[in-house]
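K.L.:
Quick one: structure below, then a few questions.
The values are calculated or read from the model by the stated rules, or taken from the named source; none is laboratory data. The structure displayed is predicted, hence computed values, not measured ones. All Cβ positions, even for glycine, are placed from backbone atoms using ideal geometry, and neighbour counts span all protein chains on display.
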Amino acid sequence: MFFFKKRSQGLAASKALSRISGKAVRYVAERRGFDPVEKVIGREGVINVGDGRIVISCGKDTPLDRPIEELTFGELLSKNGATFTYSDGDERVTVTAYYVDYRK
């Protein structure tokens, strides 16, 4: 049998953050609780990572501005976006940012 050491979560998280930082966003959708319906809360923006916070800016709006410690995040399997999940009181909130596709 072979056993492998797991990579530290800090290293994996920092690599994921470096991949999504600065990505252009087509739109941002929000899902509250276990409701399957997504509501669009922002269009045409950018994901910024710095000072221990993740900020998604869409024009004058800021759909997401949270400390990294409060979030669980990851990229979609299609690599077309990223999800950010946090607790808002007793309710689970999932924010999905869909990237702008520059491939033609």
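K.L.:
May I ask you to list the residues in segment 30-87 that are of a type in the set (Lys, Arg), under 16 Å from residue 16 (Cβ atoms) and surrounded by 15 or more Cβ atoms within 10 Å (Cβ to Cβ)? If you could, list the steps in order and put the result at the bottom.
P.N.:
Step one: list which residues in segment 30-87 are of a type in the set (Lys, Arg), which gives 31-32, 39, 43, 53, 60, 66, 79.
From what is left, the residues that are under 16 Å from residue 16 (Cβ atoms) are 53, 66, 79.
Across segment 30-87, the qualifying residues are 53, 66.
K.L.:
For segment 77-100, which positions are in contact with a Gly (Cβ under 7 Å, 6 or more places away or on another chain) and not hydrophobic (A, V, I, L, M, F, W, C)?
P.N.:
Passing the criteria: 83, 91, 92, 96, 98, 99.
K.L.:
Enumerate the pairs (first residue in segment 47-73 and among the hydroxyl-bearing types (Ser, Thr, Tyr); second residue anywhere and at pLDDT 90 or above and in a strand (DSSP E or B)) with beta-carbon separation below 8 Å, excluding pairs fewer than 6 apart on the same chain, so at least 6 apart or on different chains.
P.N.:
Listed pairs, sorted by first residue: 57/45; 57/46; 57/48; 62/55; 62/56; 72/84; 72/85; 72/86.
K.L.:
I'd like to verify a number: residues in segment 64-79 that are more than 17 Å from residue 50 (Cα to Cα) and either basic (Lys, Arg) or not in a loop (DSSP other than H, G, I, E, B) (or both), how many? Even if it seems obvious, please write down each step before you answer.
P.N.:
Let us first name the residues in segment 64-79 that are more than 17 Å from residue 50 (Cα to Cα), namely 75-79.
If we keep only those that are either basic (Lys, Arg) or not in a loop (DSSP other than H, G, I, E, B) (or both) as well, we get 75, 79.
Number of matching residues: 2.
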